[in-house]
Amino acid sequence: MKKILIFSILTYLLFTINSTAIEQSASENNSENEKILRVGVLLPLSGEFQEIGESFLKAIQLALYDISNKGVKIYPKDTKGNALSAYQSAKEFEDEGIEIVIGPIFYENLEKLGEINKITFISLTNQTQKIPKNTIAFGINIESQVDTLKKYFSKISVSKTLLLSPKSEFIYQSKSVAEKDILKFYRTYSYDTNPKKITGEIEKITKYRERKKDLERRIKILEKSDLYKDKNELKKLEQMHTLGKVNFDSVVVVDFGERLKSVLSSFMFSDVSSKEVNFFTINQWFDVSLFNESSMQNLHFPSIDFKNLKKFKKKFLKKFNQEPNEVSILAYDALGLIYYCWSSNNYQFKKEQLYNKEGFKGLQGEFFIENNLSKQQLKIYQVKKNKFIKVY
């Protein structure tokens, strides 16, 4: 395997105290004061998404604090959560000679940024279609998640996987999963987003009524028998809701929140147990509300390094006396990545370094950038007994 280039935010940015890193930082401060890294920041700092933007900005400020190099300067500007303001602020950065920018967060804000020729944008979006050539999609994208699921599926030997996704939302993610040659699905389904209709649709997918009728027919036959073995079988069947197994061994649900819970609860009501079928979903950012539903037990999902996320949240809380938006850990990593590329190139930033094929390692875990897309080496976590357990 190729050696990973570790800009090691855990060590290099002083998350884990390292004497070498301290000495290096002190040396940089003393001898390289005239070397300046100017980083633009495009975030929604007013309007509907102000709270999100402020959390991301604080994550960048936390990285700046950990870097502890006075030569690194950040310049925040407000996108107001819309494409026009993002473009206008980006033009100002271009006029000011700034070459690298963290942000915007939202995919919709990238609309006009392709017209800015002298800046590289590290956007925190997880969408990857039609990304401008000057932009890197740095979010936890569906491609990386599918690739991780594929590796895990090979390990646990599942072969008949259903893909379920809502009809109205996450269309891109769903199509991307279905069309990728990485994973082969046994069948694909789109379900109605109305919670009242989800259960009926899952019943059809699992052939619940047919299995229930099979049980009823078998019970009627056994009730007419006086054989000891038939009476024993009857006792067992009377404790069951259906008879017969489903014709799939795993399910991937592309959804979040209450709808995800409704879908998985519907499988449980349709007498499909997580002990018999493996259930997967996409990155949930360790949503603790998953613990509140029995149907969520044994649910699996790909995500970033959970231990590092907890360390990040603890340090953020200590620094700012508030909880961070979990996704803002990517903004922390973005500044660490830029700093590593700059400091390891004689304090000159070259965008080509971002595409180093040997890759990098941040709080999110290992990743490399290819075709304007961050490819993350994710982990697989299981929801079990009110904990997130890493299983891969």
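The helix-only estimate of mean residue ellipticity at 222 nm for the chain, built from DSSP H runs of length n ≥ 4 each weighted as -39500 (n - 2.57), is -12000 deg cm²/dmol after division by the residue total.
Here the label points at Ile221 and Lys133, each 7 Å from Cα along the C-beta direction, are separated by 6.9 nm in the simple model.
Label separation (Ile156 vs Leu234): 3.9 nm, computed from points 7 Å beyond Cα along the C-beta direction.
Taking other residues whose beta carbon is less than 10 angstrom from the beta carbon of Lys118, and scoring Lys, Arg as +1 and Asp, Glu as -1, yields -3. Going from the fewest other Cβ atoms within 10 Å to the most, the residues Ile221, Ile136 appear in the order Ile221, Ile136. Each Lys or Arg adds one and each Asp or Glu subtracts one; over the other residues with Cβ under 15 Å from the Cβ of Gln297, this totals +2. With neighbour counts taken as other beta-carbon atoms within 10 Å, the residues Met268, Met240, Met296 rank, fewest first, as Met240, Met268, Met296.
Inter-part distance, the range 211-257 to the range 34-77, computed on C-alpha centroids, equals 59 Å. Our estimate of slack between Lys315 and His241, defined as 0.36 nm per intervening residue step minus the Cα-Cα distance, is 21.7 nm. Structural descriptor for the range 222-288: relative contact order 34 percent, calculated from alpha carbon pairs under 8 angstrom and at least 6 residues apart.
Taking neighbour Cβ counts within 10 Å as the exposure measure, how do Lys70, Lys212, Lys112, Lys229 sort from fewest upward?
The fewest-first ordering by Cβ neighbours comes to Lys229, Lys70, Lys112, Lys212.
Computed about its Cα centre, the charge dipole of the chain is approximately 1660 debye, with only Lys, Arg, Asp and Glu carrying charge at their Cβ.
Just so you know, all these numbers are worked out from the coordinates, no wet-lab data involved. Note that this is a predicted model, so its numbers are computed, not measured. Methodologically, a virtual Cβ is constructed for each residue, glycine included, from the backbone with ideal geometry; neighbour enumeration extends over all protein chains shown.
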